[in-house]
Amino acid sequence: MTMRLVAAELVDSRQILPGQWLQSFHAPELASGSRAGQFVHVRTGDYSGLVLRRPFSINTADPATGIITLHFRMVGRGTEWMTRVREGERLDMLGPLGRPFEVDPRSHHLLLIAGGLGMAGVRMLADEAIRDGRGITILFGALSASHVYPSSLLPDEVEYVVATDDGSLGHHGYVTELVPDYEAWADQAFACGPQPMLARLAQLAAGRRDRLGVAKLGRKRGGGKSDPLGSAAARRKSFLQVSMEQTMGCAVGACLGCTVIGVEGPLRVCREGPVFAAEEIAWPASA
Amino acid sequence: MKAKRTIITFGDMRVGKDSDRSKRTPTVRKIKSAIVAVDRTKSPAGARPRVETGSSAVADLGAPTAPRPTLAEQAALDRIDLSIDLAPARGASEHGGLILANPILVASGTFGYGVEYGEVVDVQRLGAICCKGTTLRPRAGNAPPRVTETPGGMLNSIGLQNPGVDAVIEKYGPIWQTWKVPVIVNVAGESIEDYVEVARRLDGVPGVAGIELNISCPNVGKGGLQFAIDRDAARAVTAAVRRATELPLLVKLSPNVADVRPIAKAIEEAGADAITAINTLSGLAVSPDRTRAFLGNTYGGLSGPAIKPVALRIVYEVAQVVSIPIVAIGGVTSLDDVLDFLACGAVAVQVGTAIFADPELPVRLGDQLRAECLRRGFDSYRPFIGTALPKRTGASSAKGVEYRP
Ligand SMILES: Cc1cc2nc3c(=O)[nH]c(=O)nc-3n(C[C@H](O)[C@H](O)[C@H](O)COP(=O)(O)O)c2cc1C
Ligand code: FES
């Protein structure tokens, strides 16, 4: 669906974790026209001098009910304002924006990797994959048990594996340490979270072919002429797609404010992204 | 095959809806039945003079809007003349002036090349489009992050990322050519030769209606001193581009100077058709952990409502020393802002940062200006221009920034 300005009515708002909110909006155009990985740019009240919209991943979208959800942390005045919007009020949303995750039709097993709020970036892909009959495992990393995304908010079909930095729940350590156990099982991986996490995953993904041997991969994908970097076809063939974040102005590709550095030059997160194949990004060497 | 299965289930960890309710501070917040960019009924120009509250993003589709104008009212609205020639001096030449259907433009760098907002904005109803800064060769721009919000505004350090003038002409020229809205190409460079060469290549390109020189760029020939803060360089670059092209020529002032008036005069004398003012103010933001500057480029340009008083002051000063048209830029978010700038001597305004929150604003401002003319009984918006300027010459305010803090 092409982007448009939509009046989205708040129908439910709750704090699902300390400082983290899940809000449901009635916005049929967005609910039926969006794909996993896309986002909306939400206008906040400008009573306090806030001049920019706030971008949010579309956390879930249900065409049947016309409901989309957004999951966010209260980090500043814009998100604080949002937590105080009352049911029945309508927010001005521009969307759906950006390019979605690209799932290869031949992929049976999808690995989703989320760090903290990154869950919002991949959450909708779980619904799409289940609808399409694919197996889903979500690896989730958080600081501690109290920051772990509630499993009750995930579909039953999902296998949910947790890592916490302090070991208070699940694996003691980083979520990236769980990945090697799943890299043979997974046909594709999709990640969203802090930049160092994504950089580490990109590093793991780059070495995967060698570790697993190319025979299997050669049969399933690869081979033939290569698709241009950044094309939907190339992304489908890539093992790892990441959803990136950057501060934004326009969110439609007009201001060039949201770039990240790609191997072929600057990339607009709002237009070429927010989803990229890991190979498109020039990851910092320190990762 | 999956290696490890660590399936974790939870007790009810979530904070229920009711408990979070009780945490909420009951707020007495008046939701103004608003404006907002969600009224999709595209009625003819200025049809619904609406109350612009500008203070809430809460969209209320059920809000009563002013009734559609009667046929007679519509005819009266249609008679109001919002057109303006930004290059009246060109009128005599074969290329003619730069005539806009209305005085609301979109500012360079905030509206891309006019295509990005797609169907969200009806570009044909804009006065003109100033495209992103264009240089001779492609530029990759500055290190990210490049934008951040500040109180009442934002900082940007895009660094003139653009594909170079040839690619701009090739990619967008054919599109612009089909539009009735004039496109003004914003031109940047690091030497006079750069500016001249870009202007030459734009000259005669169908779809290019004019040039706006962004002179807030370091002048490599003068050790990086910005053209915009150096009167002689501003004069020289304007004169050189004037000789290189017949296109209407606008020159954009920087506010980062002690006294802008000698610079504005030099630009007028060098043959500019109009002056646009202002570009962003130099600023800085600190990273959240306070270990460095937030922007990848350290410094950024401040824009948005926060800079409106500065822009007003500069327009007010410049209007008293030049006689070419002035296009005001800086923090426009409402009809009141437009009227303020007109009162200080501008003949048109550009909308920049406000587009990000409200992409339909520029088109709506045109409609509102038309409705305001009707309400005041004017048949054009000209009576709004210059009303706040000093009535006598030699007034102390004509001397420039003079205030006692
Ligand atoms: C993201 C961004 C990019 C800009 N890029 C340019 C540019 O390329 N050339 C230019 O002359 N001005 C540029 N500007 C300045 C604007 O055209 C305008 O002068 C300034 O933002 C003040 O207007 P505003 O307060 O309405 O935004 C840019 C401004 C912003 C916010
Ligand atoms: S936010 Fe403006 S180009 Fe991406």
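Listed conditions (1) within 21 Å of the chain's Cα centre (by Cα); (2) surrounded by 17 or more Cβ atoms within 10 Å (Cβ to Cβ); (3) touching a residue at least 12 places away in the same chain (Cβ under 8 Å) are all met by B:Pro145, apart from (1). For beta carbons closer than 7 Å, sequence separation of 6+ or different chains, a first residue in the range B:345-364 that is at negative phi and among the small types (Gly, Ala, Ser) and a second that is assigned to a loop (DSSP other than H, G, I, E, B) and within 15 Å of ligand 2 (Cβ to nearest atom), the qualifying pairs are B:Gly352/B:Ala107; B:Gly352/B:Thr110; B:Ala357/A:Arg43; B:Ala357/A:Val51; B:Ala357/A:Leu52; B:Ala357/A:Arg53. The set of residues in the range A:79-104 being surrounded by 21 or more Cβ atoms within 10 Å (Cβ to Cβ) and of a type in the set (Gly, Ala, Ser) consists of A:Gly95, A:Gly98. Within the range A:98-139, the set of residues being within 20 Å of A:Leu22 (Cβ to Cβ), part of a strand (DSSP E or B) and in contact (Cβ under 8 Å) with a residue 60 or more places away in the chain comprises A:Leu112, A:Ala114, A:Gly115.
Can you confirm whether B:Gly54 is of a type outside the set (D, E, K, R), surrounded by 13 or more Cβ atoms within 10 Å (Cβ to Cβ) and at pLDDT 50 or above? For B:Gly54, the condition - of a type outside the set (D, E, K, R), surrounded by 13 or more Cβ atoms within 10 Å (Cβ to Cβ) and at pLDDT 50 or above - is not met. For A:Arg86, the requirement of being part of a loop (DSSP other than H, G, I, E, B) and more than 10 Å from chain B (Cβ to nearest Cβ) is not met. Could you go through the range A:244-265 and let me know if any residue there is over 16 Å from the mean Cα position of the chain (by Cα), away from ligand 1 (no atom under 14 Å from the Cβ) and in a loop (DSSP other than H, G, I, E, B). Taking every residue of the range A:244-265 in turn, at least one turns out to be over 16 Å from the mean Cα position of the chain (by Cα), away from ligand 1 (no atom under 14 Å from the Cβ) and in a loop (DSSP other than H, G, I, E, B). Screening the candidates A:Arg235, A:Arg271 for the property of being more than 16 Å from ligand 2 (Cβ to nearest atom) and either part of a loop (DSSP other than H, G, I, E, B) or in contact with an Asp or Glu (Cβ under 8 Å, 6 or more places away or on another chain) (or both) yields one hit, A:Arg235. Taken over the range A:235-287, residues that are of a type in the set (S, T, N, Q) and more than 14 Å from chain B (Cβ to nearest Cβ) amount to 4. Of the strands (runs of 3 or more DSSP E) contained entirely in the range A:1-80, those carrying at least 3 residues that are within 11 Å of another protein chain (Cβ to nearest Cβ) fall at A:4-17, A:20-26. For the range B:123-178, taking the residues that are within 13 Å of chain A (Cβ to nearest Cβ), within 13 Å of ligand 1 (Cβ to nearest atom) and among the hydroxyl-bearing types (Ser, Thr, Tyr), the one that is farthest from A:Val51 (Cα to Cα) is identified as B:Thr134.
The values are calculated or read from the model by the stated rules, or taken from the named source; none is laboratory data. The structure displayed is predicted, hence computed values, not measured ones. Positions of Cβ are backbone-derived with ideal geometry, glycine not excepted, and every protein chain shown enters the neighbour counts.
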